[in-house]
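Let me begin by presenting the structure, written as structure tokens, before commenting on it.
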Amino acid sequence: MPLTRKAYRAAILHSIDDPAIVGIDASYEYFEDGLLVIDNGQISALGHASDLLPTLPADIDITHYQDALITPGLIDTHIHLPQTGMVGAYGEQLLDWLNTYTFPCESQFADKAHADEVADIFIKELLRNGTTTALVFGSVHPQSVNSFFEAAEKLDLRMIAGKVMMDRNAPDYLTDTAESSYQESKALIERWHGKGRLHYAVTPRFAPTSTPEQLTLAGQLLGEYPDLYMQTHISENKQEIEWVNELFPERNGYLDVYDHYKLLGERSVFAHGVHLCNDECARLAETGSAVAFCPTSNLFLGSGLFNLPMAEKHNLNVGLGTDVGGGTSFSLLQTLNEAYKVMQLQGARLSPFKSLYLATLGGARALRLEGKIGTLQPGTDADFLVLDYNATPLLSYRLKQANNIAETLFVLMTLGDDRTVLQTYAAGQLVHQR
Ligand code: GUN
Ligand code: ZN
């Protein structure tokens, strides 16, 4: 028996498919008295405690939780590390918000000591909130990504990040050039991509802040290395879309700019997509690209309401993003709370099981990491959470009135936040304890 075998006994819940495809009942597995067995950082068994216990050695190390739910680690498909210090910046919509708050805040990452300090705060905040994998924007400075990956590597986290490429329409103190962004990204890819559980994402900020030359080189990088990610923003705000149309009059709309520069594909994640049209959803789906749905940000910046049913109609991969600092919380539970309201405002329903899917397996599919993260299936990485039903007096009282796991899950997503996350495990190691 391997020395690192451990088992965890509690109620256990995970998504196994998209409710929009298989229906709600076939989309999840729930074990009221479940057992999760971990061997050497990977899940080796999942099932009812009564079935599994007789198959295990009598002296196995079992942690037994009362009033708690084990779920997969949560997956944030869109977040900005250098915006940690500006969450909740008052009064502006996207373009003025960028100029007034975002660019000055990101400029501080020219200093490596600052980058180290914020990377540490940022990773602790992710883990406190139960996020075990994130697709992360750095600043334009390569050290923002070095600091982040250095900290993530120490905890053996599965993380994806990239340095922002932006060579126009931003202050001089925050721009690179097409050539320097290419060389700096390349050096980061050589150092980090595929190291342990780390992956690199080519990161043009959005079409307005890149010249055609820079977008060309971003596309070239994607062709030069296998399995690289690409992350950017799209169709978040109406003024932004107008601006893209003015800057790229020769292209047939916002998505076509990225398409032209070969930035669509199976590892490409486009944040927001609030104002995408049917044809654009179809093209994203056809190329295997994904969209990050960022409800707290879309409400906070007044950007609009993401049309999830339209994305579902096109079989488009959708993950959930906090978009901190446009988003107002690191908590994907709180992000789901807002996602529910975004659907309500459009006369649609977001079931708790679809929400669970978006924050776990849906994110893993958007990132092409199904089979590694996003579920508790044996053979996957042991990235999981223990959620505490008694995290706050109100949660404790409210959950006593819940009649089934659907209700319990919905209340966890409505009242839950970082306080709800009792423990976070990554690759089988405890990386956060409340
Ligand atoms: N579009 C371009 N840059 C950004 C950013 O930093 N945040 C958001 N929400 N949208 C963007
Ligand atoms: Zn963003």
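The values are calculated or read from the model by the stated rules, or taken from the named source; none is laboratory data. Because the structure is predicted, anything quoted here is derived from the model rather than measured. So basically every Cβ, Gly included, is an ideal-geometry build from the backbone, and we count neighbours across all protein chains shown.
For segment 131-174, what are the residues that are part of a strand (DSSP E or B) and either among the aromatic types (Phe, Trp, Tyr) or without any contact (Cβ under 8 Å) to a residue 40 or more places away in the chain (or both)? Answer for segment 131-174, where residues must be part of a strand (DSSP E or B) and either among the aromatic types (Phe, Trp, Tyr) or without any contact (Cβ under 8 Å) to a residue 40 or more places away in the chain (or both): just PHE137. Among residues of segment 266-281 being surrounded by fewer than 18 Cβ atoms within 10 Å (Cβ to Cβ) and not polar (S, T, N, Q), the one that is farthest from ASP227 (Cα to Cα) is CYS277. Just checking, does segment 46-55 include any residue being touching a residue at least 60 places away in the same chain (Cβ under 8 Å) and either in contact with a helix residue (DSSP H, G or I) (Cβ under 6 Å, 6 or more places away or on another chain) or surrounded by 15 or more Cβ atoms within 10 Å (Cβ to Cβ) (or both)? Yes, that holds for at least one residue. The residue of segment 240-260 that is farthest from ligand 1 (Cβ to nearest atom), among those that are under 29 Å from the mean Cα position of the chain (by Cα) and closer than 15 Å to GLN214 by Cβ, is HIS260.
For segment 302-323, the tally of residues that are surrounded by 24 or more Cβ atoms within 10 Å (Cβ to Cβ) and farther than 22 Å from ASP17 by Cβ stands at 2. Residues that are assigned to a loop (DSSP other than H, G, I, E, B), within 20 Å of ALA290 (Cα to Cα), touching a residue at least 24 places away in the same chain (Cβ under 8 Å) and of a type outside the set (Lys, Arg) within segment 194-232 comprise PHE206, TYR225, ASP227, LEU228, listed in sequence order.
Considering the conditions (1) within 24 Å of the chain's Cα centre (by Cα); (2) modelled with pLDDT of 95 or more; (3) not acidic (Asp, Glu), PRO226 is excluded by exactly one of them, (2).
Quick check on ASP33: is it crowded, with 16+ Cβ neighbours inside 10 Å, out of contact with any Leu (no Cβ under 9 Å at 6 or more places or on another chain) and modelled with pLDDT of 95 or more? For ASP33, the condition - crowded, with 16+ Cβ neighbours inside 10 Å, out of contact with any Leu (no Cβ under 9 Å at 6 or more places or on another chain) and modelled with pLDDT of 95 or more - is not met.
In segment 363-375 there is at least one residue that is part of a helix (DSSP H, G or I), buried (at least 24 other Cβ atoms within 10 Å of the Cβ) and in contact with a Leu (Cβ under 8 Å, 6 or more places away or on another chain).
Contact map, segment 361-386: residues that are without any contact (Cβ under 8 Å) to a residue 40 or more places away in the chain and over 19 Å from THR4 (Cβ atoms) paired with residues that are surrounded by fewer than 24 Cβ atoms within 10 Å (Cβ to Cβ) and β-branched (Val, Ile, Thr), Cβ distance under 7 Å, separation 6+ or inter-chain. Pairs shown: GLY371/THR380. Total residues in segment 233-272 satisfying the condition of being in a loop (DSSP other than H, G, I, E, B) and in contact (Cβ under 8 Å) with a residue 12 or more places away in the chain: the figure is 12. If you go through segment 290-325 and pick out every residue that is assigned to a loop (DSSP other than H, G, I, E, B), within 16 Å of ligand 1 (Cβ to nearest atom) and touching a strand residue (DSSP E or B) at 6+ places or on another chain (Cβ under 8 Å), you end up with 7.
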